[in-house]
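The values are calculated or read from the model by the stated rules, or taken from the named source; none is laboratory data. All of these numbers come straight from a predicted model, not from anything done at the bench. No Cβ is skipped: glycine too gets one built from the backbone with ideal geometry, and neighbour counts run over all protein chains shown.
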Amino acid sequence: MVGITALVSRTGLLPSGIVEKVEIKQPTWVYQKLLSRQTNLCATLCCPSYPDIYRDTKVDTKVKKDYYRASMVSPTLLDILNMQWLSPEMIKFDQHLKFPHLTNNSDPAMKRSEVNDIISSAKEFFSGQKFMLPEWAHWPPEKWLGKRGICNEIAENKLGWDITDFGSGDFYGVGLTLFTIRNGNWNRKDKSYCEKIMISEEEQVTPMHFHWSKSEDIINRGGGNLVMELYQATGEDHLSDSRVTVSIDGILTGVTAGEQLVLKPGQSICLTPRLYHRFYAQKGHGKVLIGEVSMVNDDVSDNRFYEKVGRFPDIDEDTPPVHLLVNDYPLYF
Ligand SMILES: [Fe+2]
């Protein structure tokens, strides 16, 4: 039987209203409670303990995903708290448990087959550029099974493959291939730095954003030219039209707001907090291998996109994964 850890609130408020943490031996108990409204169970927050449900092969992947989404402490938690999903017709627990406010993401999902193709092409490009990835970058999903203990740092700090179309539904127009090689955690202070390797295709835009806390060096490590557009944020987080001074390989350089600054292979730029940036590979010069050396990366709370975008797309499982994405780990090990 699957064991689930649930946070139960008697007040109807989470997280401040959390009064009880219970171990539920039988999942139907949760659903029965929901249906009978015997308690104000606001959300069955199954993480962070990665409960057995993820390892139970009899539980459908879609159900696992719904549990995972419900468990993420992110802005979507507000949706969980506010949603009115206690009515029986909204929960078909003998089929798939649905969290309508979470699964009805208005952004189009990326197909797993597309993600597989993107990763395959990325591995080829990394290899061609002589950039070698950790061994586990090539592991199939089954190789992760049973390694939760020894691979905890990878899962907790979201190391690995991260393919995003920023919710655009058009990966090659707006999207980015990322592989996080190392990262820490602001709260645990286990490591204060991060390194990523990324690929931007020609004119494939990473949307305008800044970071509240993170400083990052973005490095053109090879391939084509990287175009960077910069704006200082105003006090109201709008785009300032004032000139920007940035460090390019240690040389202070004045840039006009929004100017197309071209970084050739070998060049890097230091992006400080509240400096809006948008980038893409220059047309006609090929895709770019982009390095990032930065302070700790936190995609949950440190990104401020100028326009609303999705950071981690839903995945339409039209085919099995060849490699896991960072958000897949809880589903597999
Ligand atoms: Fe950034």
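Filter the stretch 206-249 for residues that are touching a His at 6+ places or on another chain (Cβ under 9 Å) and without any contact (Cβ under 8 Å) to a residue 60 or more places away in the chain and give the result. Selection gives Met228, Glu229, Leu230, Tyr231. With respect to being at pLDDT 95 or above, away from the ligand (no atom under 16 Å from the Cβ) and in a loop (DSSP other than H, G, I, E, B), Lys308 falls outside the description. Does Thr272 fit the bill of being within 16 Å of the ligand (Cβ to nearest atom) and surrounded by fewer than 17 Cβ atoms within 10 Å (Cβ to Cβ)? Yes; evaluated as a whole, the condition is true for this residue. For the stretch 110-146, residues that are at positive phi and modelled with pLDDT of 95 or more total 1.
Is it the case that the stretch 137-160 has a residue that's over 16 Å from the mean Cα position of the chain (by Cα), surrounded by fewer than 21 Cβ atoms within 10 Å (Cβ to Cβ) and closer than 26 Å to Phe279 by Cα? Within the stretch 137-160 (the criterion being over 16 Å from the mean Cα position of the chain (by Cα), surrounded by fewer than 21 Cβ atoms within 10 Å (Cβ to Cβ) and closer than 26 Å to Phe279 by Cα), the answer is yes, since at least one residue qualifies. Candidates Val227, Val174: the one that is farther than 22 Å from Asp302 by Cβ and crowded, with 16+ Cβ neighbours inside 10 Å is Val227. Within the stretch 311-333, if we keep just the residues that are β-branched (Val, Ile, Thr) and at pLDDT 90 or above, the residue that is nearest to Leu178 (Cα to Cα) turns out to be Val326.
To keep it simple, each residue is scored yes or no on (1) crowded, with 19+ Cβ neighbours inside 10 Å; (2) part of a loop (DSSP other than H, G, I, E, B).
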site	(1), (2)
Gly254	no, no
Gly258	no, yes
Glu292	yes, no
Ser301	no, yes
Pro320	no, yes
His323	yes, yes
Pro330	yes, no
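Does Phe171 satisfy being more than 13 Å from the ligand (Cβ to nearest atom), more than 17 Å from Glu124 (Cα to Cα), touching a strand residue (DSSP E or B) at 6+ places or on another chain (Cβ under 8 Å) and of a type in the set (A, V, I, L, M, F, W, C)?
Yes, satisfied.
Test of understanding: among Gly286, Gly254, which residue is modelled with pLDDT of 95 or more and under 25 Å from Ile118 (Cα atoms)? Result of the check over Gly286, Gly254: Gly286. Residue check: His277 meets all listed conditions (1) buried (at least 20 other Cβ atoms within 10 Å of the Cβ); (2) within 16 Å of the ligand (Cβ to nearest atom); (3) within 17 Å of the chain's Cα centre (by Cα) but one, namely (3).
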